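Heads up, the thing below is written out as structure tokens.
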Amino acid sequence: MLTIIITLLMLTSTNAVYNGDLTFYGPGGAGANGACMLEVGFNGIGNTVAMNPHQYENGAACGKCIMIYPSTSGLGMTPVVEPIFATIDNLCPECKYGDVDIGLSGDGRWQSTWEFVSCHESNRKHRYLRG
């Protein structure tokens, strides 16, 4: 029980914001075919993201949620114009520290800023943003 409490405190006390590139790997993400083998939307978050090897932490990041902030700095046709909440369901082996590869249709390589967030909070905010 003490181990669970300590782990929860460590997860909720992290307010780090990361910078890297955001790329797209297609609609729906990998789901059960990804490195994490999670069904898309298992936690109510429909967006998925593949994480760079360092922050993937040998699978420890599987199922965690992130919020990606809007960015129009980069190259391509699909800038990120609103916050995107996503569940980590895959590994992006070619990504560098801070990079994420999102399971949405899109084009380009965009400078991104993101942070780990509570999946519960992401789900609540995601529903709010959708109306």
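Residue count for segment 51-68, restricted to those that are touching a residue at least 24 places away in the same chain (Cβ under 8 Å) and farther than 12 Å from Cys92 by Cα: 8. Counting only residues that are charged (D, E, K, R), at pLDDT 55 or above and touching a strand residue (DSSP E or B) at 6+ places or on another chain (Cβ under 7 Å), segment 114-128 holds 1 of them.
Scanning segment 63-114 for residues that are among the polar types (S, T, N, Q) and either within 10 Å of Val49 (Cβ to Cβ) or in contact with a helix residue (DSSP H, G or I) (Cβ under 7 Å, 6 or more places away or on another chain) (or both) gives Thr87, Asn90.
A quick yes/no check of all residues on (1) out of contact with any strand residue (DSSP E or B) (no Cβ under 6 Å at 6 or more places or on another chain); (2) β-branched (Val, Ile, Thr):
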{"site": "Ile66", "(1), (2)": "no, yes"}
{"site": "Tyr69", "(1), (2)": "no, no"}
{"site": "Thr72", "(1), (2)": "yes, yes"}
{"site": "Leu75", "(1), (2)": "no, no"}
{"site": "Val80", "(1), (2)": "no, yes"}
{"site": "Ile84", "(1), (2)": "no, yes"}
{"site": "Asn90", "(1), (2)": "no, no"}
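Taken together, the residues in segment 86-100 that are over 16 Å from Glu39 (Cα atoms) and either surrounded by fewer than 23 Cβ atoms within 10 Å (Cβ to Cβ) or out of contact with any Cys (no Cβ under 8 Å at 6 or more places or on another chain) (or both) amount to 7. Here is the figure for segment 41-65: residues that are touching a Gly at 6+ places or on another chain (Cβ under 9 Å) and surrounded by fewer than 19 Cβ atoms within 10 Å (Cβ to Cβ) total 5.
The values are calculated or read from the model by the stated rules, or taken from the named source; none is laboratory data. Model, not experiment: these values are computed from the prediction. In this analysis, Cβ positions are derived from the backbone assuming ideal geometry, glycine residues included, and neighbour counts consider all displayed protein chains.
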